[in-house]
Amino acid sequence: MRIPNRIRRAIIPAAGKGTRLFPLTKAVPKELIPLGRKPVLEHVVEECTLCGVEEIIFIISPAKDAIRRHFGESVGNIRFQYAYQPVPLGLADAVRCAKDYVADEPFAVVLGDSVIESTHSLPPFRRVLDMFEETCADAVILVQPTPRDQLSRYGVVKPKDAVDSSFGFEIEDIVEKPLPDEAPSIYAVAGRYAFKPSIFEYIDRTPRGTGNEYQISDSIRIMIEDGGRICCVALQDGEVRRDIGTFETYFEAFALELAKESSR
């Protein structure tokens, strides 16, 4: 018997062009560039496997079939499926491409260009899934305390009440890439989500937003306006999100991964 709110599937969007990493990403998809001794996306898939995900739906473009060739149909007990997003129109649009694969079950969204490092025994993504299973939340989002001058890169949440970051907290708003002095908090979305399938209804109601794309933050905002309950799990000391979106952040993540591997 299936456990209510148990998440078995994760969507990994990986159809973007990676323009900030040109010309490197003209030769290889951003998600397959090496991070230490293996591609970025293998780190992400291992995280999903460790957290109990059984099936991954990669959202790719026709130009990124290298991801399909790399992973194939399955590895161990985890199964892979592939959906195509011909034109990158934002994260909400990428998630919509997997609607037929997740059907009426809850699911996770895990960004393919972000690696979460942790010194704790329980990974942050597992805490997201646990909170989703244990509450009646319509969505649970992983967030990270972030310097204000960096908030314009991310979606930023507005907590409903005072935040004790050692526990989950509910939010009353979310804003995509706000100006630093207009951000509603210092808690930026860290690339891991859990959703009820009702999110697709809100994606269909989402207009184009920042960058003329369909932003998942805007879909979540409509869900909140409709009375939906959205909770967050915050990264703790010893936990950090590593972006692979620019050469600066990629080089930093690569150097840290090599240092970690050399100490083993």
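Helices meeting the span-like rule in the chain (full DSSP H runs, Cα extent of at least 18 Å along the helix axis, mean Kyte-Doolittle score of -1.0 or higher): 247-262.
Taking label points 7 Å from Cα along the Cα-to-Cβ direction, Q150 and K26 give a separation of 3.0 nm. Based on the alpha-carbon gyration tensor of the chain and its eigenvalue square roots a ≥ b ≥ c, which shape applies: rounded if a/c is under 1.5, prolate if not and a/b is larger than b/c, or oblate? It is rounded, given that a/c, with a ≥ b ≥ c, falls under 1.5.
If we count other beta carbons within 10 Å of each Cβ, what is the order of D226, D164, fewest first? Write out the running numbers ahead of the final one.
On the way: D226 12, D164 9.
Listed from fewest to most nearby Cβ atoms, that is D164, D226.
Normalised by the number of residues in segment 9-262, the mean separation of alpha-carbon contacts (under 8 Å, six or more apart) gives a relative contact order of 24 percent. About its Cα centre, the dipole of segment 20-71 is roughly 420 debye, where the only charges are +1 on Lys and Arg Cβ and -1 on Asp and Glu Cβ. The overall shape of segment 128-237 is oblate: from the C-alpha gyration tensor, with semi-axes ordered a ≥ b ≥ c, the ratio a/c is 1.5 or greater and a/b is no larger than b/c.
Suppose every Lys and Arg Cβ carries +1 and every Asp and Glu Cβ carries -1, with no other charges. What dipole size does segment 1-136 come out with about its Cα centre, to the nearest 20 debye? Kindly include the intermediate steps, with their values, before the conclusion.
Numbers: 18 positive and 17 negative charges, 93 e Å.
Computed charge dipole of segment 1-136: roughly 440 debye.
Computed per residue of the chain from DSSP H runs no shorter than four, each worth -39500 (n - 2.57), the mean residue ellipticity at 222 nm is -8000 deg cm²/dmol. In this label model, V75 and S121 are separated by 2.6 nm, measuring between points 7 Å along each Cα→Cβ vector. Considering only Y193, C231, G168, the residue lying farthest towards the positive end of the dipole of segment 161-232 is Y193, judged by Cα position with unit charges set on Cβ.
Over the chain, what is the percentage of antiparallel beta bridges among all DSSP beta bridges, to the nearest 5? Before the final figure, lay out the partial values.
Numbers: 27 of 45 bridges.
Antiparallel bridges make up about 60 percent of those DSSP assigns within the chain.
A short reminder: the numbers here are calculations on the coordinates, not readings from a lab. Only a predicted model underlies this, so the values are computations on that prediction, with no experimental measurement involved. Because the Cβ atoms are built from the backbone with ideal geometry, glycine has one as well, and the counts that use them run over all protein chains shown.
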